[in-house]
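Here's the structure we're looking at; comments come further down.
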Amino acid sequence: MPKTGGNAVDIELTINGERTIVEAGSGDDLATVLRQHGYIDVKCGCDGGTCGASKVFVDGDVRMACEMEATDADGSEIQTVAALGTQADLHPVQQAFVDNFAVQCGFCIPGMVIQAVALLDSNPDPTEREVREALDDNVCRCTGYQKPVEAVLDAAQRMQGEQSVAADGGHPVSAPTHGDESTSCCGGDCDE
Ligand code: FES
Ligand code: FES
């Protein structure tokens with residue numbers, strides 16, 4: 001069930017570069033509040049803090065949004081996966097996930113991409129082991145992890161200006177959108 005509370009207050013967030021005032025109740029987690037305001041690229045897939053799907057950047061740090069009280073984010077800058085690139089110009093990590101066929105159902109991918117971007121920011125040339133360690137709290141029930149790991153290694157090469165290992169050169173796909181998904185966040189036991 002979503003973590004929601006009473007005593008709603010207005011908090012100020014800068015979300016993907018846009019300053020906004022949102023209402024958050026005491027106990028509301030950040031993932032729920034973001035999704036309620038249309039940022040459904042923030043996924044919620046576990047009972048809190050164990051699947052990595054809800055990862056976002058908060059003031060430049062990777063945080064599991066389901067584990068952070070929204071009111072604690074007051075005044076923060078939030079970046080979700082949708083802001084990393086555009087449909088026509090994906091972030092190299094996003095493009096590498098596409099080109100390496102690392103996306104199946106896609107549910108885990110926002111958190112994986114956020115974590116991968118953070119990794120490559122601090123370690124531009126990681127080993128496969130370092131990639132696996134970085135992604136070890138991002139749960140994926142589809143891919144078996146091999147393709148995402150290959151995608152991150154490919155992205156590292158791309159970001160260093162080296163030739164991509166992807167064979168087809170890539171093609172644009174739909175970036176995460178503010179669509180018509182439910183805005184509720186499990187923060188508990190749903191599998192949405
Ligand atoms: S880690 Fe946040 S929903 Fe799983
Ligand atoms: S692609 Fe389906 S959970 Fe990772």
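Summary of values
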read-out: Cβ pairs under 7 Å, 6+ apart, first in the stretch 39-63 and farther than 15 Å from D28 by Cβ and open to solvent by 20 Å² or more (accessible area, probe 1.4 Å), second of a type in the set (D, E) and near ligand 1 (Cβ under 7 Å from one of its atoms); value: G49/E67
read-out: When residues of the stretch 135-148 are limited to those that are within 16 Å of ligand 1 (Cβ to nearest atom) and open to solvent by 60 Å² or more (accessible area, probe 1.4 Å), the one farthest from V98 (Cα to Cα); value: D136
read-out: Residue list for the stretch 10-37, restricted to those being exposed (fewer than 14 other Cβ atoms within 10 Å of the Cβ) and in a loop (DSSP other than H, G, I, E, B); value: G17, S26
read-out: Residues of the stretch 110-125 classified as under 17 Å from D41 (Cα atoms) and open to solvent by less than 20 Å² (accessible area, probe 1.4 Å), total; value: 6
read-out: Whichever residue in the stretch 100-109 is open to solvent by less than 30 Å² (accessible area, probe 1.4 Å) and away from ligand 1 (no atom under 16 Å from the Cβ) and, among such residues, is farthest from D59 (Cα to Cα); value: N100
read-out: Qualifying residue in the stretch 126-134 (condition: open to solvent by less than 20 Å² (accessible area, probe 1.4 Å), of a type outside the set (D, E) and within 10 Å of ligand 2 (Cβ to nearest atom)); value: no
read-out: Verdict on A70 being open to solvent by less than 20 Å² (accessible area, probe 1.4 Å) and on the phi < 0 side of the Ramachandran plot; value: yes
read-out: Verdict on F97 being within 16 Å of ligand 2 (Cβ to nearest atom), of a type in the set (F, W, Y) and open to solvent by less than 10 Å² (accessible area, probe 1.4 Å); value: yes
read-out: Test: residue in the stretch 150-157 that is within 30 Å of V9 (Cβ to Cβ), at pLDDT 95 or above, open to solvent by 50 Å² or more (accessible area, probe 1.4 Å) and touching a Ser or Thr at 6+ places or on another chain (Cβ under 7 Å); value: no
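The values are calculated or read from the model by the stated rules, or taken from the named source; none is laboratory data. Quantities reported herein were computed from a predicted structural model and do not represent experimental measurements. Every residue, glycine among them, receives a Cβ derived from its backbone with ideal geometry; neighbour counts consider all protein chains shown. Note: areas computed on protein heavy atoms with side chains; ligands, DNA, RNA excluded. Shrake-Rupley method; radii C 1.70, N 1.55, O 1.52, S 1.80 Å.
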